[in-house]
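For reference, the structure discussed in these notes is given below.
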Amino acid sequence: MEISLWVWVATVLVVLGLLIFDFFAHVRVAHVPSLKEASWWSVFYITVAVIFGGVVWLVWGPQYGAEYFAGYVTEKSLSVDNLFVFILIMGTFAVPPIYQQKVLLVGIAVALVMRGIFIALGAIIISHFSWVFYLFGLFLLYTAWQVARENPEEQEEYEPGPLVRLIQRVLPTTNRYDRDRLTTRIDGRWLVTPMLIVMVAIGMTDLLFALDSIAAIFGLTKEPYIVFTANAFALLGLRQLYFVVCGLIKRLVYLNEGLAIID
C-alpha cells in the first residue's frame with residue numbers, strides 16, 4: 001500500500017478539522033447534549049468513517065478496504081470499554097455535566113496524538129523485527145486472561161495513574177471548579193483545578209486501552225495508514241457515544257431489578 005506524503009498530510013488535516021469543528025459546533029458553548037443530539041452526531045461520525053472506508057476500498061482495492069473496516073469495527077468495539085471507565089472518572093472527580101464535553105474532547109485529542117506516536121513506533125519496530133507480532137499476541141492473551149479472572153460482582157473504582165498522582169502531588173491544586181478553567185486564583189495563589197487533572201486522567205486512561213487495541217489491529221493489518229485512520233475515526237465519535245451510553249443508562253431505571261430477576 002503506497003501512501004504519499006500529501007495523502008498523510010491531507011488525512012491528518014481532515015482529522016484535525018473534525019476536532020476543530022467538534023469544538024466550535026458543540027463544545028465551545030457549554031451544554032449537556034440530549035440523547036437525541038448525541039445519537040444523531042454519533043451516527044454522523046460513523047457515516048464519515050464508513051465513507052472514508054469506501055474511499056480506501058475504491059482507491060487501494062478491496063483487500064485494504066476490508067482491512068480498514070475490520071480495524072475500525074475492532075477499535076470501535078474496544079472503545080466501548082473506555083466509556084464505562086470515563087463514567088467512573090467523571091464521577092470520581094465530580095465533573096459538572098455541562099463541562100464534560102470539553103473534558104472528553106481534550107482527552108481524546110491528547111489520546112489521538114499519543115496513539116499516533118505509538119502507531120509510528122509500532123510500525124518501525126515491526127518493519128525491522130517481525131517476531132514482535134508474537135509479543136503482541138502474548139500481550140493480548142495476557143489481557144484476555146486478566147479480564148477473564150476479574151470478578152464481575154466487585155464494584156469497580158477508578159484509581160488515579162502515576163501521572164495524575166504526580167500532578168496532584170507536585171502542583172498546587174484545588175478541589176473547587178472554576179467553570180471550565182484549568183487554573184484559578186484563590187487568596188492570591190494560582191491553583192490547578194480538577195478540570196486539568198481529569199483531562200489528563202481521560203487521556204492517560206485511553207492511552208492504556210490503546211496498548212491492547214493497537215496490538216489487536218496490527219494483527220489485522222500491517223499498514224500504518226490503516227491503523228492510524230481506523231483509530232482516529234473510532235476516537236472521533238467517542239465523545240458522542242459517551243453521552244449516548246449515559247442517556248441510555250439513565251433511561252434504564254429498572255436495570256438492577258431486571259438483572260436481579262435474571263440472576
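A Förster radius of 35 Å, combined with the Cβ-Cβ distance separating GLU37 from ALA94, puts the computed FRET efficiency at roughly 0.90.
In this structure, LEU248 and ARG165 have a Cβ-Cβ separation that, at R0 = 51 Å, corresponds to a calculated FRET efficiency of about 0.95. Counting only protein heavy atoms and using a 1.4 Å probe, the accessible area of TYR177 comes to about 50 Å².
Close amide H contacts of THR173 (hydrogens built in the peptide plane, cut-off under 5 Å, sequence separation of 5 or more or a different chain): VAL192. In the context of the full set of protein chains, residues of region 42-124 present 43 Å² of accessible surface per residue (probe radius 1.4 Å, heavy atoms only).
A crude spin-label estimate for the pair PHE84 and SER4, with each label 7 Å from Cα along the Cβ direction, gives 4.6 nm.
The amide H of THR183, built 1.01 Å from its N in the peptide plane, has THR193 as neighbours under 5 Å, considering only residues 5 or more places off or on other chains. As a calculated quantity, the FRET efficiency between PHE21 and TRP190 at R0 = 51 Å, using C-beta atoms, amounts to about 0.95.
The values are calculated or read from the model by the stated rules, or taken from the named source; none is laboratory data. Nothing here was measured: the structure is a model prediction, and the numbers come from that model. Heads up, the Cβs are rebuilt from the backbone with ideal geometry, glycines too, and the neighbour counts pull from every protein chain shown. Surface areas here come from the heavy atoms of the whole protein model, side chains and all, with no ligands, DNA or RNA. Shrake-Rupley method; radii C 1.70, N 1.55, O 1.52, S 1.80 Å.
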